[in-house]
Amino acid sequence: MSASTILVVEDDSIQRRQIARVLLQAGYNVYEACEGLEAIRMLHARKADLVLTDIRMPCLDGISLLKYIKIFFQDVPVVLITAYPEETEELDPDAFLCKPFGEKELLAWVQRLIKPPDYHPPFQG
């Protein structure tokens, strides 16, 4: 089984790279976008099993990206990342991560939403 692929969308390059590093070390394939329009182009070119996106970004924000994904990529779970949880009312992502968050919290949500890369279902005999 190949590793799951995660798209990380974050305009802060330091935070984006930190998130990507944690996911890569956990065995996931990761690709990155710095804003929503770039993420949409990437999603059309390459499959993602999960999208982690910041809310506040230039060009196309995370809320608009969430709405787009829910229309055109319904089977792809989305985790919204925000330092402003009050902005998330009435949204319907698969999960929220409130900044600051730790590696364990990040990986826990990822593992809830997609199977870990080394997952093998138990034999049902």
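The values are calculated or read from the model by the stated rules, or taken from the named source; none is laboratory data. Treat the numbers as computed from the prediction; the structure is a model and nothing was measured. Note that we place each Cβ from the backbone using ideal geometry, even for glycine, and neighbour counts take in every protein chain shown.
A few points about this structure:
- Among residues of the stretch 89-108 that are under 18 Å from residue 30 (Cβ atoms), those with a beta-carbon under 8 Å from a residue that is among the polar types (S, T, N, Q) at least six positions away or on a different chain give the pairs 97/82.
- Conditions (1) surrounded by 17 or more Cβ atoms within 10 Å (Cβ to Cβ); (2) of a type outside the set (S, T, N, Q); (3) more than 13 Å from the chain's Cα centre (by Cα); number of the one not met by residue 50: (3)
- Where residue 80 falls short, out of the listed (1) under 13 Å from the mean Cα position of the chain (by Cα); (2) without any contact (Cβ under 8 Å) to a residue 24 or more places away in the chain: (2)
- Residue 58 vs. criteria of a type outside the set (Val, Ile, Thr) and buried (at least 18 other Cβ atoms within 10 Å of the Cβ): no
- Residue that is surrounded by the most Cβ atoms within 10 Å (Cβ to Cβ) [pool: residues in the stretch 1-26 that are over 21 Å from residue 56 (Cα atoms) and under 11 Å from the mean Cα position of the chain (by Cα)]: 23
- The requirement of being surrounded by 14 or more Cβ atoms within 10 Å (Cβ to Cβ) and of a type in the set (Asp, Glu) is not satisfied by residue 86.
- Qualifying helices (runs of 4 or more DSSP H) (wholly inside the stretch 1-90; at least 3 residues being at pLDDT 95 or above and touching an Asp or Glu at 6+ places or on another chain (Cβ under 6 Å)): 13-25
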